[in-house]
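Engineer: Sharing a structure below in C-alpha cells format, with a few things to ask.
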Amino acid sequence: MRWLYRITFTLVFIMGLIVQSNAEVYSIQPIGHVIKTAGKVTLDILPQYKDALLGLKDFSHIYVLYWFNRNDSPEKRSILKVHPRGNKENPLTGVFATHSPSRPNLIGLSICKIKSIDGDVITVDDIDAFDGTPIIDIKPYRSSYDCVPGASVPDWVNQAHKGEHRH
C-alpha cells in the first residue's frame, strides 16, 4: 500500500511541474515614474531610456502605460466585475469593459498632452495615476490611426462623463 502512495505522490508532483512549466511568465520593468508635485505632472524616464524619446517632441499627445502598483494584491487581481467608477448606480460590468484599476494584469492607460520634453523628463497636462506610479511604456498618439470615427460606448459611460471636458 505504501508503494501506491509513493507512485500517486510522484505522479501528482510531476503533473504539478508540467502544469507550472506550461505557464507563461513575462517580466516588465519600469522605464520611469510619474511625478506629481505642486500641480506639475512629469514623467521621469530612467536615464538608460532617454534615447528612446528621440522624435517624441514632434507629437502633441502620448499614450502612457503604467502599473497600478498600489492595487497589486491577489484579492485585487481576482476582481473580475465592478460597478464602473465605484458608482453602484452603474451596472455591474466586467473589468475588461472598464478602466478599473482592479484587473488580472494591473496595466493602466492614459492619453496625455505633452507640454514639454527636457532631457529625460516629459511634462504632461495630467495623468490618471498616482505620484510614484511606475511607467511601463509610452507610445505616440496618432490621430490618423488611433481615432475611431463612429465608435460607440454604453449609456453608463455617456452618463458618467456628462459635463466633463477633455483637454
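Engineer: Please work out if THR42 is within 20 Å of PRO140 (Cβ to Cβ), surrounded by 15 or more Cβ atoms within 10 Å (Cβ to Cβ) and among the polar types (S, T, N, Q).
Structural biologist: yes
Engineer: Taking the stated definitions as given, is GLY108 in contact (Cβ under 8 Å) with a residue 40 or more places away in the chain, within 21 Å of LEU65 (Cβ to Cβ) and surrounded by 14 or more Cβ atoms within 10 Å (Cβ to Cβ)?
Structural biologist: On the way: in contact (Cβ under 8 Å) with a residue 40 or more places away in the chain: yes; within 21 Å of LEU65 (Cβ to Cβ): yes; surrounded by 14 or more Cβ atoms within 10 Å (Cβ to Cβ): yes.
Yes; evaluated as a whole, the condition is true for this residue.
Engineer: Sticking with this structure for a sec: How many residues does the stretch 84-125 contain that are part of a loop (DSSP other than H, G, I, E, B), modelled with pLDDT of 90 or more and under 24 Å from GLY39 (Cβ atoms)?
Structural biologist: Within the stretch 84-125, residues that are part of a loop (DSSP other than H, G, I, E, B), modelled with pLDDT of 90 or more and under 24 Å from GLY39 (Cβ atoms) number 3.
Engineer: Output the number of the condition that PRO91 fails; it satisfies all remaining conditions of (1) surrounded by 12 or more Cβ atoms within 10 Å (Cβ to Cβ); (2) within 20 Å of the chain's Cα centre (by Cα).
Structural biologist: Result: PRO91 passes all but (2).
Engineer: Give just the number: which of (1) over 27 Å from PRO30 (Cβ atoms); (2) surrounded by fewer than 16 Cβ atoms within 10 Å (Cβ to Cβ) does HIS99 not satisfy?
Structural biologist: (1)
The values are calculated or read from the model by the stated rules, or taken from the named source; none is laboratory data. Remember, it's a predicted structure, so these values are computed and weren't measured experimentally. Methodologically, a virtual Cβ is constructed for each residue, glycine included, from the backbone with ideal geometry; neighbour enumeration extends over all protein chains shown.
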